[in-house]
Amino acid sequence: MLWRNLVRRQGARVLVVDDEAEFRTIITGHLKEVGLEVQTANKGMDALEAVNREAPDAIILDLVMPVMDGLTFLDRLRASPYHTGLPVIVVTAKDLTAEEREQLQEKASGVLDKGEGVEERLIDVLGALFPLGEPKR
């Protein structure tokens with residue numbers, strides 16, 4: 001927390017976790033346009049390592065990934081007292097069950113459906129967390 005608030009004074013750091021390279025590339029481009037620093041991971045275990053190494057200010061997380069799915073990632077992340085308050089925005093194309101929605105309500109900061117306009121919706125959500133620059137369009 002000290003690193004986030006004292007040492008790094010400008011631009012929030014966001015970790016994008018998704019196994020789809022095209023989605024990571026598109027989202028990364030949009031996030032960089034508004035002044036965010038972006039790291040990526042294509043699987044849950046790499047993302048857990050990146051959280052400890054890079055100290056992101058927020059995580060964008062896909063639920064459907066091989067080996068470790070997004071819900072398992074969230075369970076492991078939230079098991080650490082250092083990461084209980086770290087904002088996690090789930091971006092998924094999965095049709096969620098009632099049980100999954102309940103779990104996400106407890107562990108995630110927000111849930112967005114993948115699809116048209118997700119980039120703008122994601123920037124709106126992140127804009128509520130951090131000051132963002134104007135997109136370069």
(request) Name, by its number, the condition in (1) exposed (fewer than 11 other Cβ atoms within 10 Å of the Cβ); (2) within 14 Å of the chain's Cα centre (by Cα) that does not hold for THR40. (result) (1)
(request) Among what's in segment 17-37 and is part of a loop (DSSP other than H, G, I, E, B) and touching a residue at least 60 places away in the same chain (Cβ under 8 Å), pick the residue that is nearest to the chain's Cα centre (by Cα). (result) ASP18
(request) Select from segment 125-136 the residues that are surrounded by fewer than 16 Cβ atoms within 10 Å (Cβ to Cβ) and either modelled with pLDDT of 90 or more or aliphatic (A, V, I, L, M) (or both) and write down the one among them that is farthest from ARG13 (Cα to Cα). (result) ALA128
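The values are calculated or read from the model by the stated rules, or taken from the named source; none is laboratory data. Quick caveat, the model's predicted, so the values are computed rather than measured. Because the Cβ atoms are built from the backbone with ideal geometry, glycine has one as well, and the counts that use them run over all protein chains shown.
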